[in-house]
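Step one of this worksheet: look at the structure below.
The values are calculated or read from the model by the stated rules, or taken from the named source; none is laboratory data. Model, not experiment: these values are computed from the prediction. For accessibility, only protein heavy atoms count, side chains too; no ligands or nucleic acids. Shrake-Rupley method; radii C 1.70, N 1.55, O 1.52, S 1.80 Å.
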Amino acid sequence: MTTLARPELDRSLAAGHVQPLYLLVGSETYLRDAAARNISDAALSGTLLREFNETSFSLLTDSAMAAIAAAEQLPMMSERRVVRIKDFAKLREADEEIIIRYLERPLDSTVLVFVADDLDKRKKLTKTLLSSCTVVEFPAVKDAEAKAWARNRLKELKTTADDRVLTDIVRLVGTNLQTLSSELDKLAAAAIETRQITAEMVDQLIDRSRELSNFDLGDQLVAGDRRRALETLHRLLEDDVAPVMLLGLIAGNYHRLALAKELLKRGKRDEVYRLIYGPPAKRDAFMNTLQRSDATRIARGIQLIAAADLAIKTSLGGGGPKGARLQLEVLVCELAA
């Protein structure tokens, strides 16, 4: 298996090195889709009849046979043709075999790109893809990377924002770059006269529902309100918040509570306030949550979160997002017990 990091893929394509088989996998769809476009651009550079040499298939609605037939066609007045295939996770065994046979003897004149959110590594097709393709992974980005990306995106939009404002944008919007891009476009449009995004614009224009839901979930867990905690969890999952990110939010709440509990024990109330971002109402809500919790329960919660972290990472390696979602639901039930 050949694995490339995202920058390595960019350098390879810029140098004109285009491979016949690619597997782009991960939940960061904005970067993943951009990579698929870059592969197509490099493969079809100089092609006059691009529309005749570029095809996409979703195997939810298209057949594997049709997709592979397209891959086996010779390009029209071009050095290469590009075929993209997605939604291949739930194929019949016979359809998987059609793809596997092609992977064993791919055409040099075709660039076949497989695109997936995740993979079931138990399947024969997955194993063949991993061994045959140039693999590029697109995991959910972390806050620091999202912030750096947002800064570069604002440069493209000829707009600026100071470091604290960028931090607030990422905290409120999350690290899904597609959503972040949309929010930055909206903020840049609002700042068209000054070319400077301010904290006031962020407060006015960015929906705080995700931030509030994150805070509500932590409060509901400590309060033992299992029903409402599960409802909040499901709402966040439906909002496309990644399970690993949600676990990080839950862990962050519990670690903050543990630290705040220790600071209160030492009489350092002012330092507790430094742990809390946001308006006074949010600070007061955190203090109420802190007073309802006890150190033993917080410590037990941290242990449960660590066990769930291992289980979720294991499930993402085999059982996929559904397994990770189940682990989160079990964790929420245990923490709110």
For T134, which sequence-distant residues (separation of 5 or more, or a different chain) have an amide H within less than 5 Å of its own amide H, given hydrogens modelled in the peptide plane?
L21, Y22, L23
Give the average over all directions of the projected area of the C-alpha convex hull of the range 60-112, one decimal, in nm².
3.6
Candidate lysines for bridging to K186, where Cα separation is under 24 Å - those fewer than 8 sequence places away on the same chain excluded:
K142, K147, K155, K158
Solvent accessible area, Å² - I206, 1.4 Å probe, full protein context:
10
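Going from most exposed to least, what order do E231, E51 have by accessible area with a 1.4 Å probe? If you can, show how the numbers build up before the last one.
Values: E231 95, E51 125 Å².
In descending accessible area the options line up as E51, E231.
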Run down the aspartates and glutamates and flag those whose C-alpha is under 18 Å from the C-alpha of K313, throwing out any fewer than 8 positions away in its chain.
E28, D117, D118, D120, E137, D240, E329
As a Kirkwood estimate from alpha-carbon pairs, the range 3-56 has a hydrodynamic radius in angstrom of 12.0
Divide, for the range 1-157, the radius of gyration over alpha carbons by 2.2 N^0.38 Å, where N is the residue count.
1.06
Amide H within-cut-off set for E54, under 5 Å, with H built and near neighbours excluded
V82
What are the radius of gyration and Dmax of the chain, computed over its Cα atoms and given in Å?
23.7, 77
Near the amide H of D117, under 5 Å away, which other amide H atoms are found, from residues 5 or more places off or on another chain, if H is placed in the peptide plane?
G26
Rounded percent of accessible protein surface that carbon and sulfur make up, the range 95-157, 1.4 Å probe
47
What is the gain in length, in nm to one decimal, between M287 and T160 on full extension, counting 0.36 nm per residue of separation less the C-alpha to C-alpha distance?
42.2 nm
